[in-house]
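Heads up, the thing below is written out as structure tokens.
A short reminder: the numbers here are calculations on the coordinates, not readings from a lab. A quick note: this is a predicted structure, and the numbers were derived from the prediction, not measured. Positions of Cβ are backbone-derived with ideal geometry, glycine not excepted, and every protein chain shown enters the neighbour counts.
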Amino acid sequence: MTTWEERKTVGDLLEQRVAEELTLREWTVNPWGQGILTSPVQSALRRTDSALRWTPDLVAARGEVVVLIDCKGRMTSATSNRHTIERAAVKSHLQFSAWTDLPMYYVFDNLGVMTPHDVLTAGRIGPHTQVGSGAPYYLVPAALARPFDDVFGGPEVVARAWANQAA
């Protein structure tokens, strides 16, 4: 079993990668979520049922578009090729999206992208996990995820960003 701290380290690396990929696509990215809180607050929050436990990891903007992003590191089964997302997180993220009137996205290790609504409608309720909190998860086929470029901008945006940087 992995600890929350071990999972957080993996998540932090994915958050950094996603932020870099978004920056290449001309998004401005800011950290949000538990990562910006002190360790004592993070620890206390994990012992609650508050929706703040699942505050999205990143807030990104490009032009007038603002999005919320939650990075899901090591949440894909190598054997079943399904993503696992905690049911309480999906519920909270649907509420965050409604409360903020902003789109919410999950980004996985392979840079596949899903929304909480995608997970809610296409996912199957899985068993309580042996890893992490022991909470029930949704299981969603990874093949249903949209490509990162389709959601956040493709190679033409990255090429333009590199050209602007070289100029």
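Under a plain spin-label model, where a point goes 7 Å from the Cα along Cα-to-Cβ, how far apart in nm are Arg124 and Ala166?
Distance between the two pseudo-spin positions: 4.9 nm.
Helix 87-100 versus the longest principal axis of the chain: what is the Cα-based angle in degrees, 0 to 90, to the nearest 10?
50 degrees
Rounded to whole Å, give me the distance from the Cα center of region 12-50 to that of region 81-111.
If you average the Cα positions of each part, the centres end up 14 Å apart.
Of all GluC sites (Glu not before Pro) in region 25-115, which ones are in loop regions per DSSP and have a Cβ with at most 16 other Cβ atoms within 10 Å?
For GluC sites (Glu not before Pro) across region 25-115 that sit outside H, G, I, E and B with at most 16 neighbouring Cβ atoms in 10 Å, the list reads Glu26, Glu64.
Roughly what angle does helix 4-24 make with the longest principal axis of the chain, taking Cα atoms, 0 to 90 degrees, to the nearest 10?
Relative to the chain, helix 4-24 is tipped by roughly 20 degrees.
Using bins 10 angstrom wide from zero, how does P(r) for the chain break down, in % of all Cα pairs?
10, 39, 37, 12, 3, 0
With each label point set 7 Å from Cα along the Cα-Cβ vector, what nm distance links Arg62 and Arg146?
Label at Arg62, label at Arg146, 1.2 nm between them.
Could you give the size of the charge dipole of region 1-97 about its Cα centre, using +1 on the Cβ of each K and R and -1 on the Cβ of each D and E, expressed in debye and rounded to the nearest 20?
Charge dipole of region 1-97: 380 debye, to the nearest 20.
Stretched out fully, how many nm does the piece from Ala44 to Ser77 gain, at 0.36 nm a residue minus the Cα gap?
8.9 nm
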